[in-house]
Amino acid sequence: MIARTTIAAALAAASLLLASGCAVTRGQETVGAYIDDTTITTQIKSRFFENKEVAGSSISVETLNGTVMLSGFAKSANEKATAEGIARKVNGVKSVKNEIAVRP
């Protein structure tokens, strides 16, 4: 009896996983586009941490269909502009929305 219950639970779990497939829930984005967006976000964040002028931990990066949204806080207008410039130079970026707030 326990073996049947275990097998039934395993089959149910497997069918749920297979039914969901590779569905992406971010606004009907394809799997390839989701991977591209993740790569863009990762590259931008790594370049922030490499750059001495940008506090990478204070700036959030989100990417959807090649459009990058920067948010968070910068210590100066120069840091805000530098972050935007870094984001624009990454391959695959179509546009950048810079919502970083300057906080002294």
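The values are calculated or read from the model by the stated rules, or taken from the named source; none is laboratory data. Computed from a predicted model, the values in this text were never measured in an experiment. Neighbour counts are summed over all protein chains in view; Cβ atoms, including those assigned to glycine, are modelled from backbone coordinates with ideal geometry.
A few remarks follow.
- Candidates SER76, SER57, SER95, SER46: the one that is within 13 Å of the chain's Cα centre (by Cα) and exposed (fewer than 15 other Cβ atoms within 10 Å of the Cβ) is SER46.
- In the range 50-65, the residue that is nearest to ILE35 (Cα to Cα) out of those that are of a type outside the set (Lys, Arg) and assigned to a loop (DSSP other than H, G, I, E, B) is ASN65.
- The listed residue being at pLDDT 70 or above and of a type outside the set (Phe, Trp, Tyr), out of ARG47, ARG26: ARG47
- Residue in the range 66-89 that is modelled with pLDDT under 95, touching a Phe, Trp or Tyr at 6+ places or on another chain (Cβ under 7 Å), in a helix (DSSP H, G or I) and not acidic (Asp, Glu) present: no
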